[in-house]
Amino acid sequence: MSAVKILSNIYWVGAIDWNMRHFHGHTYTTKRGTTYNSYLIVDDKITLVDAVHASFAKELIENIRQVVDPGKIDYIVANHVETDHSGAYPELLKLCPKAKMFGTQKCKEGLQKHYYGNWDFQVVKTGDKINLGKRTLQFIEAAMIHWPDSMFTYCPEEQLLMPNDAFGQHYATSERFDDETDPAVLMEEDAKYYANILWPLSSVIARKLEEIKTSGLPIKMIAPSHGIIWRRDIKKAIDAYTGWSQNKTKPKVVIAYETMWGATEKMAYKMSQGLTDAGLEVKLYDVAVTDRTEIITQMLDAKGYLFGSSTHDNDMLTIIGGFLAFLKGLKPRNRVACAFGSYGWAGGAVKAIEEIVKEAGITLAQPGLSVQYVPDENELKRCYEYGKEFAKIVKAG
Ligand code: FEO
């Protein structure tokens, strides 16, 4: 995709990664690909904010070349070390070796440990500004959004916030702005990014949002380094982040289970009937057949979780085990959960699930429900009632 003017003399010069399907190793399934957004500001000092993945360095350089000779770049703002935004620096800096880089102290250290380059780097802190001519850039340290080195860059003359990973989405599109794309898909990808990457950093994000609100910086455009640029639905984007970062939920239950011969699945379906009849929104997933990234996204606004597994070797099955280990790392707060499952003789899955649920900081709402072998009519009725009882707990908030 060619360079796109986003404001007067400011251009998107990034890359669209249509075929990216796995991000962060295999921890995040990017079914709609991703973008690496890089912004070129043409002022007295020609400035690039963030770069792209190394495999798209050629596209970045070609896009810059459509606007200016890359050799004329004076400044490079590195908001983040992670290689999806920094990978192209070695190739780019061959063309503009005298460009001065700006970033946090941790960014300087991190780039050095990635690329071992002899680059001109100036460390900046929150409140520091650089003058580009007609515009200034102001820096806001944003440690742990999403690495210790992370930083936001703000241009007061344009009321433009460039917050790198924050407000981004893994979403490959030919459109660049929120008013040009399907808002439902955009919000789905926005929530997916938050749930699968930023959720454990919620307390830091809540504080940063408050800091930005208190500082009273007017924002007319949020240009993240992944996905769509926000210029119409800025309030919607900030409100969504505010709610997620405060772990706000709704009366919704996600049932996630793994089943060996179908008995645990029968229990899950009966519980879902009880919950649905009680008026709750329910999502039900066999974790062995549905992608984890999608399930985690649905868990972001759900108050209640029901986790099920058949017993195998006195433990839960391995896919639900991996799923719960991932969820524990996301540090969900203000949630309630229960465990259930079928066993043959000794049992063990329900206890194993309950242990990891407690370690994850999720409240166990009621004792787990186990059934030997295949549930009979009475046991299925008990599963239905169990769902209804859980619904009351979820509704109580
Ligand atoms: Fe998009 Fe934390 O890198």
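Just so you know, all these numbers are worked out from the coordinates, no wet-lab data involved. Note that the structure is predicted; figures quoted are calculated from it, not measured. Here the Cβ is made from the backbone with ideal geometry for all residues, glycine too, and neighbour counts use every protein chain on show.
For the stretch 4-245, what is the relative contact order in percent, using Cα pairs closer than 8 Å and at least 6 residues apart in sequence?
17
Between the DSSP loop rule and a limit of at most 14 other Cβ atoms within 10 Å, which GluC sites (Glu not before Pro) in the stretch 275-360 are left?
In loop regions of the stretch 275-360 (DSSP not H, G, I, E or B), there are no sparsely surrounded GluC sites (Glu not before Pro).
Any idea what the dipole of the stretch 4-245 comes to, in debye rounded to 20, about its Cα centre with Lys/Arg Cβ at +1 and Asp/Glu Cβ at -1?
Around 340 debye, computed over the stretch 4-245.
For the stretch 147-189, which GluC sites (Glu not before Pro) are both in a DSSP coil and crowded by at most 13 other Cβ atoms within 10 Å?
Sparse-neighbourhood loop GluC sites (Glu not before Pro): Glu157.
For the stretch 253-396, build the charge dipole from Cβ charges (+1 Lys, Arg; -1 Asp, Glu) around the Cα centre, then report which of Gly341, Thr276, Ala256 sits farthest towards its positive end.
Towards the positive end, the residue furthest out is Thr276.
If Lys and Arg each add +1 and Asp and Glu each add -1, what is the summed charge of the other residues whose beta carbon sits under 9 Å from the beta carbon of Tyr257?
Counting the neighbours of Tyr257, the net charge comes to -3.
Using amide H atoms built in the peptide plane, which far-off residues or other-chain residues are under 5 Å from His226 H to H?
HN-HN under 5 Å from His226: Asn37, Gln169.
Relative to the first principal axis of the alpha-carbon coordinates of the chain, what is the inclination of helix 183-193, with its axis defined by its Cα atoms, in degrees from 0 to 90 and to the nearest 10?
Helix 183-193 sits at roughly 80 degrees to that axis.
Once both axes come from the Cα atoms, what is the angle between helix 105-115 and the longest principal axis of the chain, in degrees from 0 to 90, rounded to 10?
Helix 105-115 and the main axis of the chain meet at about 90 degrees.
So for the stretch 253-396, averaging the separation of alpha carbon pairs under 8 Å that are six or more residues apart and normalising by length, what relative contact order in percent results?
Details: 293 pairs, mean separation 43.8, N = 144.
Relative contact order, the stretch 253-396: 30 percent.
How many nm separate the modelled label positions at Leu364 and Thr136, each set 7 Å beyond the Cα in the direction of the Cβ?
Calculated label separation equals 5.7 nm.
Let me have the 222 nm mean residue ellipticity of the chain computed from DSSP H runs of 4+ only, each contributing -39500 (n - 2.57), with the sum over all residues rounded to the nearest 500.
Result for the chain, helices only: -10500 deg cm²/dmol.
If you plug each phi of the stretch 203-208 into the Karplus form 6.51 cos²θ - 1.76 cosθ + 1.60 with θ = phi - 60°, what whole-Hz ³J(HN,Hα) values come out, in order, with x for Gly and Pro?
5, 5, 5, 4, 5, 5
What is the local net charge at Lys392, summed over the other residues whose Cβ is closer than 13 Å to its Cβ (Lys, Arg +1; Asp, Glu -1)?
Neighbour charge sum, excluding Lys392 itself: 0.
Which angle from 0 to 90°, rounded to the nearest 10, does the C-alpha axis of helix 263-277 make with the longest principal axis of the chain?
With rounding to tens, the tilt is 80 degrees.
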